[in-house]
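K.L.:
The structure's right below; bear with me while I get my questions together.
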Amino acid sequence: MKILGIETSCDETAAAVVEDGVRILSNQIASQVEIHARYGGIVPEVASRQHILAIIPIVEQAMAEAKVNWSDLEGIAVTIGPGLAGSLLVGVNVAKAIALARGLPITGVNHLEGHIYANWLVNRDTALAPLFPLVCLIVSGGHSDLVLMREHGDYMVVGRTRDDAAGEAFDKAARILGLGYPGGPAVEQAAKSGTASLELPRAWLKRTNDFSFSGVKTALLRLMEGGRISSPADAAASFQEAVIDVLVTKAVAVAKEHRVKQILLAGGVASNELLRNWLVEDSPIPVLVPEPILCTDNAAMIAACGYYRFQAGKVDGLDLDVVPGLKLA
Ligand code: KG4
Ligand code: ZN
């Protein structure tokens, strides 16, 4: 079953064709990062206008790369939220137009659910296909959630951030240290030439599985304002370590508590090498991590998730609408 996935929730216009929820036939991504970089962050109105310009060529490129015709497709999966309303609307309307014109079933996908399903795309041919029950650590620009999954489509959020998301914290740290935009990759890059020599606080929030990242960010800001940061590289390394230490420790604790078979990593921050390696080293439970390009926003993960939604009979009507504040479960 070949599914066309469409993703426009934030600043990437993406389309992909995925077969049977696991095999990537194409994965096209048009990033707007250079356009937003000059503003130091995403400008929603600019993002929606760029999606309008990029979406049709990106869908055509995804179809061409996959060497499929419209008649080869059996369904369309599109992100309906969470995300920027104007951005989501572009993807959803294009998906509905194709569904109507070609008589194809359509399913609306939660972007976070999509991030989790990136793990099905990559690991199917290895010994480590996802096995339930599992815990997924979703770390993106807008979310830091620990999600327990007992089966497909079944999500229980067992931990979440109480303030900043992990990716948001990386972005703010980069701004404080003057490392540029986007922050996550900039902090990771700077950290490579530094040592984690600065003492930064970790919010352990004992007896809960929740996270808090605003304290470490504020501590970094105070040090910077006080002129006590001589090496941005050391500060970046220290910040990265403080955030990842908590993410890894809590993910492993939750996995043990719920006696799961695996820990999955997902979301843009999951492309961070230190996080990937640290979790694999520290976890007594097998860890699955998608390749970096499937951690950041893409449409292959939306198509993969769509496949399992279709399998479960979750077909939407042409009244499908965007839900910018959509929650998981
Ligand atoms: O999942 P994603 O691409 O978009 C959202 O759904 O938010 O995640 C983007 C976030 C940004 O905050 C970005 O700074 C962060 O992921 N990120 C990283 C890295 N690559 C992207 N954070 C740390 N290290 C990275 N290598
Ligand atoms: Zn995302």
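K.L.:
How do the helices (runs of 4 or more DSSP H) wholly within segment 164-258 filter down when requiring 3 or more residues that are β-branched (Val, Ile, Thr) and away from ligand 2 (no atom under 16 Å from the Cβ): which remain?
P.N.:
It comes to 232-257.
K.L.:
I would also like to ask the following. Quick check on this structure: which one of Ile42, Ile56 is open to solvent by 50 Å² or more (accessible area, probe 1.4 Å), hydrophobic (A, V, I, L, M, F, W, C) and not in a helix (DSSP H, G or I)?
P.N.:
Ile42
K.L.:
Oh, and also: Looking at (1) of a type outside the set (Phe, Trp, Tyr); (2) at pLDDT 95 or above; (3) more than 10 Å from ligand 1 (Cβ to nearest atom), can you tell me which one Asp171 breaks?
P.N.:
Of everything listed in (1) of a type outside the set (Phe, Trp, Tyr); (2) at pLDDT 95 or above; (3) more than 10 Å from ligand 1 (Cβ to nearest atom), Asp171 misses just condition (3).
K.L.:
Another one. Between Ile29, Ile35, which is open to solvent by 40 Å² or more (accessible area, probe 1.4 Å), within 23 Å of Ala304 (Cβ to Cβ) and among the β-branched types (Val, Ile, Thr)?
P.N.:
Ile29
K.L.:
Among the residues of segment 245-269, which ones are farther than 15 Å from Gly159 by Cα and within 16 Å of ligand 1 (Cβ to nearest atom)?
P.N.:
Once the filter is applied, which keeps residues that are farther than 15 Å from Gly159 by Cα and within 16 Å of ligand 1 (Cβ to nearest atom), segment 245-269 yields Asp245, Gly267, Gly268, Val269.
K.L.:
Checking Gly268 against (1) out of contact with any Leu (no Cβ under 9 Å at 6 or more places or on another chain); (2) of a type outside the set (Val, Ile, Thr); (3) touching a residue at least 60 places away in the same chain (Cβ under 8 Å); (4) outside the structural domain of Phe211 (by TED's automatic domain parsing), only one condition comes out false. Which one?
P.N.:
(4)
K.L.:
Still on this structure: Suppose we keep only residues that are small (Gly, Ala, Ser) and open to solvent by 10 Å² or more (accessible area, probe 1.4 Å) within segment 238-282. Which one would you say is farthest from Thr161 (Cα to Cα)?
P.N.:
The extreme case among them is Ser271.
The values are calculated or read from the model by the stated rules, or taken from the named source; none is laboratory data. As the structure is a computational prediction, the values presented were derived from the model and not from experiment. Cβ coordinates were reconstructed from backbone atoms using ideal geometry, including for glycine residues, and neighbour counts include every protein chain displayed. Calculation scope for accessible area: heavy atoms of the full protein, side chains included, ligands and nucleic acids excluded. Shrake-Rupley method; radii C 1.70, N 1.55, O 1.52, S 1.80 Å.
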